[in-house]
1. Please report, ordered by residue number, the helices (runs of 4 or more DSSP H) entirely within segment 188-303 with at least 1 residues that are in contact with a Ser or Thr (Cβ under 6 Å, 6 or more places away or on another chain), in the same structural domain as residue 175 (by TED's automatic domain parsing) and buried (at least 21 other Cβ atoms within 10 Å of the Cβ).
2. Give me the pairs: first residue in segment 142-157 and closer than 14 Å to residue 81 by Cα, second residue among the aromatic types (Phe, Trp, Tyr) and part of a helix (DSSP H, G or I), beta-carbon distance under 9 Å, and six or more apart or on different chains, which are they?
3. Let me confirm something: among 23, 109, which residue is in contact with a Phe, Trp or Tyr (Cβ under 7 Å, 6 or more places away or on another chain) and crowded, with 16+ Cβ neighbours inside 10 Å?
4. Answer yes or no: is there a residue in segment 164-173 that is over 28 Å from the mean Cα position of the chain (by Cα) and among the small types (Gly, Ala, Ser).
5. Can we say residue 180 is surrounded by fewer than 16 Cβ atoms within 10 Å (Cβ to Cβ), free of Cβ contacts under 8 Å to residues at least 24 places away in the same chain and of a type outside the set (S, T, N, Q)?
6. Which one is modelled with the highest pLDDT, of the residues in segment 249-274 that are under 25 Å from residue 173 (Cβ atoms) and among the hydroxyl-bearing types (Ser, Thr, Tyr)?
7. Consider residue 102 against the criteria (1) over 16 Å from the mean Cα position of the chain (by Cα); (2) loosely packed, with under 13 Cβ neighbours inside 10 Å; (3) under 30 Å from residue 258 (Cβ atoms): it satisfies all of them except one. Which criterion is unmet?
8. Please go through segment 183-211 and pick out each residue that is of a type in the set (Gly, Ala, Ser) and in contact (Cβ under 8 Å) with a residue 40 or more places away in the chain.
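The values are calculated or read from the model by the stated rules, or taken from the named source; none is laboratory data. Being a predicted model, the structure only gives us computed values, none of them experimental. Neighbour counts run over all protein chains shown; Cβ positions are idealised from the backbone, glycine included.
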Amino acid sequence: MAKKTSMVMKRQWLNEYDKGKPQIDIATKYKRDVRTIKKGIADARRERDISLAHAELLKETLQKHNTGLINLVEKLVVVLQPLPASQAIPWGETDIGLLTFPGGRARYQNWPDPEVSEVTLDIEAEAQWQLLMEHLKRDPLSRALQVWKRTLSSHIEERVNLKQKLAELLQNKTGYEFRDGAVGDHCLFLPAVDHLSHYLLMSLPLPFDIAGMEESISADSDTGQVKYGQGTTLAFALGEEENCRTNIIAALKELSTTQIKNTLMRSYEAHIASTTKTRRAAEEICMMGLIPGQCRICRRLGM
């Protein structure tokens, strides 16, 4: 019965053959037929070629996997931006608000107190996002991203607080109610809150520029309107235009002395600092060119 040759022995024959030893000498050394040696070398070479091909395929697969995740982090760097001062934030008396900002969205409730329940980035819908989060489980970027979402949530809540307080002060100071669409002789124009809060936010991180806004608010007796700038209507006050203007300015001045202004500025500063820190953590990974950690795909590939 022919002696069975192990793969370990075949690899040894191949190793010696690759070093220049003739097959006849290998056959003599191991007391085997030269045909057995020839077949064993062929088997070992085939196994080696398959192993090398598999290793190359594994390398290409891992490179592709890493490149896809790096591309995702690069997208993250782009969307990690401070919330623009011009960002429209619904603040009316609805139970749930949905804010869509560049690169993402936030769900929140307006009443009785503003509270953000969820911040989601658009790139989180991509197939590889969960794999990236598995990789970054212990990386500083993961923690920084969580903090960024919390500071963004807090800043959104403070912006809604600002609008609600401004609306309250405008009504109290003027004695007018808000209307939208159909208007009357004496009323506040509902978009006025959005317009005025936008100009207030434009001064951040500096204090509110009430003096500058005061200069831009005018009473137009021809149309019975109080306006901001050239054409932004704040109120309809037929025959009481100048008095209404004075009351709107008084509301803005009082707003600038409230605690809401201070908490808004603190939330803005925290949001800016968190944005900078999170972007830096993401940029460092991009510069490194290698995603740290592992995911379930890596483990399935034997990494």
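1. On the way: elements: 192-201, 210-216, 241-255, 259-288, 296-300.
Once the helices (runs of 4 or more DSSP H) in segment 188-303 are filtered for at least 1 residues that are in contact with a Ser or Thr (Cβ under 6 Å, 6 or more places away or on another chain), in the same structural domain as residue 175 (by TED's automatic domain parsing) and buried (at least 21 other Cβ atoms within 10 Å of the Cβ), what remains is 241-255, 259-288.
2. 155/268
3. Values: 109 fails: in contact with a Phe, Trp or Tyr (Cβ under 7 Å, 6 or more places away or on another chain).
It is 23.
4. Initial filter on segment 164-173 (over 28 Å from the mean Cα position of the chain (by Cα)): 165-173.
This time we only want the ones that are among the small types (Gly, Ala, Ser), so: 167.
Among the residues of segment 164-173, at least one is over 28 Å from the mean Cα position of the chain (by Cα) and among the small types (Gly, Ala, Ser), which makes the answer yes.
5. Values: surrounded by fewer than 16 Cβ atoms within 10 Å (Cβ to Cβ): yes; free of Cβ contacts under 8 Å to residues at least 24 places away in the same chain: yes; of a type outside the set (S, T, N, Q): yes.
Spelling it out, residue 180 is indeed surrounded by fewer than 16 Cβ atoms within 10 Å (Cβ to Cβ), free of Cβ contacts under 8 Å to residues at least 24 places away in the same chain and of a type outside the set (S, T, N, Q).
6. Start the filter on segment 249-274 by keeping residues that are under 25 Å from residue 173 (Cβ atoms), which leaves 249-265.
Imposing the further condition that a residue be among the hydroxyl-bearing types (Ser, Thr, Tyr) reduces the set to 256-258, 263.
On the way: 256: 90, 257: 90, 258: 89, 263: 93.
That would be 263.
7. Failed condition: (1).
8. Taking segment 183-211 first, the residues of a type in the set (Gly, Ala, Ser) are 184, 192, 197, 203, 211.
Within segment 183-211, 184, 192 meet the criteria.
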